[in-house]
Every structure is written in structure tokens, then in C-alpha cells.
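Worksheet: one structure, shown below.
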Amino acid sequence: MRRRGAASSTVAAPRAEESELLARLRAGDERAFEELVKANHPTMVKVAELFVPSRSVAEEVAQEAWVGVLQGLDGFEGRSSLKTWMFRILTNRAKTRGERERRTLPMSALDQPDLEGAGAAVAEDRFHPAADPVRGNLWTQPPRPPDEATIAAEGHERLLAAIEGLRPAQRTVITLRDVQGWDSDSVCDLLEVSAANQRVLLHRARSTVRREFERYLEEGNGG
Amino acid sequence: MRLRKPPLTCRELVELVTDYLEGALRARDRRRFDSHIAGCAGCRAYLAQMRATIDTLGELSEETLAPEAKRELMERFRDWKR
Ligand SMILES: [Zn+2]
């Protein structure tokens, strides 16, 4: 399926493609840098936000990280993928900045995902009460299968807004995994979170975004 | 006698969907999941919605870069080139 392919191709980007990109960057090709920035900067800001107190500081940290990337570019040896290396520069800067800002690291949200907006994946009233001897905990109004039709641009906006509304750790995990196509191991490494905790965060995030997806379908779009 | 876990309910199943898709369910729970899905159209639709959501997320281009952020970064790149 698409997932597997996307996950492995994005983080461990095909080596040939990556060395071509590196060569262009080192040669000072502005187009290459612009593409790299477009593809990664918004995600870098989201990741930085896990360590610093505000979006605007996160934006600054991401800007600093790019400077670090440029400074390190000539010395980059390709032992990890370019992306892994870039994001490690980012998290290092973000951690330093977070400590300087004397804030308790919101990373604790990653260590204890239970603290992050606990809640059921699906609204309570979608199931019959547990006490019902026949239909207890089964669907009251079952979901309807989604149409094959692709979701319109407006639906994309809705999903992005739903992601934006998530708590920072959930937002970061779903962005890296599902929007950017990173695999689970890369996300765990970058965020220093266990596979189990990463799954909890991903589960909460996906469940919330699916609810928005269903709402969108029920309004008669894409169905 | 073999201890059997009761069949999954729909409410339980929706909480296992991510572990299922991530391949993190133990064999026995995976079988319970599969056998519930086989007999429940609602949960099949739920799983299909979840897959469609994930696929759609993979097609999103993230929000576009703020023009100031981009301008600043391109300037840094030009400085670095010198
Ligand atoms: Zn069911």
C-alpha cells in the first residue's frame, strides 16, 4: 500500500535523489534550497513548538536551524539521511532555546501521552450503553463507508484545520507520520519517544481527524 | 480448557484501530479484531474511513510558507553562498 512506500521513500529518501539535491545545494542553487524549505519549514516549526513556549519562538528556532543546516552542509557526510540530520539540528536548537526560556519542557507531553487530552476515539452517543444486554457497546448509528471519490480542496482545508487544533505532541506526530510520510522509527528517534507512546499520540490525533473527515462526508461532500 | 477472551465490541474496536494498522496487536487480539470486522459493517466502514483519512493526509500539501519567512531564508542562503 501507499503508506509503506511513502514512509520509506520520504525519510530514507532515495540516495541518488538525495545526493543530487545535496550537489545542487552545495553549488548554491537557490531553487533547490527553496524546494527544501517549502517541503520542510512548516513541519520544522511544528516540531520546534514542542520545546519552546510559543509559535513565534518556534519560528525563530526553525530559522536558526536553517542557518545551522547551511553551515553544516559542506561537512555533511551522509551517514544519516539529509532530513534526519536537518531535523536533529532543529531539535538540538529547540531544546537549548527551551532551556534558556526556563520553561518546563512540554516534552513531558510525549513521555506521558495520557496527559494529552485523554478521550474516546468516537463520541459516547455513537454506541449503545454498556448495560444494554443485546446491543451494549455496539454502534447506534454506524459510520458509512467513504466513497472512492477524492476529497475536494475544501476538505483538505478542514483536515489541516483539525490538525492545527490538536495538542502540540499529537499535531507533530500526525504531521510527521501521515502528512510527511515518516516511518514510526524515525519519528520515535527524533522525538525520543517510545513506540508505544508514539502510537497513543498517533491514535488520538488520527481519531480526532477522522471525526472531522466523517463530519465532512456527512455534509454531503465527496460521498 | 482454553481461556477465551470475549468478542470485541464496536466501542473497543475503534480504540484498537491504530495498533491494528501499525501491526502492533498481539496475534490473539488481531484475530479478535479480524473476526469482529468480518461480521460488522459499521466497523468495516470505520476502518475504511480511517484509511481514507490517512491517505488524504498523505496528499495534503502543508500550509504554504509565510512570505516573510521565505524571504528571510532565501536571504540567508544568498549570504551563505558568498
Ligand atoms: Zn463493530
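Derivation of every value follows stated rules applied to the coordinates shown; laboratory data play no part. Keep in mind that what you see is a predicted model, and the values were worked out from it rather than measured. Heads up, the Cβs are rebuilt from the backbone with ideal geometry, glycines too, and the neighbour counts pull from every protein chain shown.
What are the principal axis extents of the Cα atoms in chain B, in Å, biggest first?
77, 26, 15
Among B:51, B:11, B:71, determine the one that fluctuates most according to a GNM of chain B built with springs between C-alpha atoms less than 10 Å apart.
It is B:71.
With each label point set 7 Å from Cα along the Cα-Cβ vector, what nm distance links residue B:71 and residue A:24?
Result for the modelled spin labels: 2.5 nm.
What does the charge add up to near residue A:55, with Lys and Arg as +1, Asp and Glu as -1, over the other residues with Cβ less than 11 Å from its Cβ?
Working: positive: A:46; negative: A:49, A:59, A:60, A:164.
Result for the neighbourhood of residue A:55: -3.
With angles folded into 0 to 90 degrees, how steeply does helix B:41-59 sit against the dominant principal axis of chain B? Use alpha carbons for both and round to 10.
On a 0 to 90 degree scale, this one is about 10.
Whole angstrom only: what separates the Cα centroid of the stretch A:202-218 from the Cα centroid of the stretch B:10-55?
15
Say R0 is 30 Å: what FRET efficiency, to the nearest 0.05, do residue A:120 and residue A:161 get from their beta-carbon distance?
Computed FRET efficiency for residue A:120 and residue A:161 comes out at 0.90.
R0 = 22 Å: FRET efficiency of residue A:71 with residue A:185, Cβ-based, nearest 0.05?
Once rounded, the FRET efficiency stands at 0.20.
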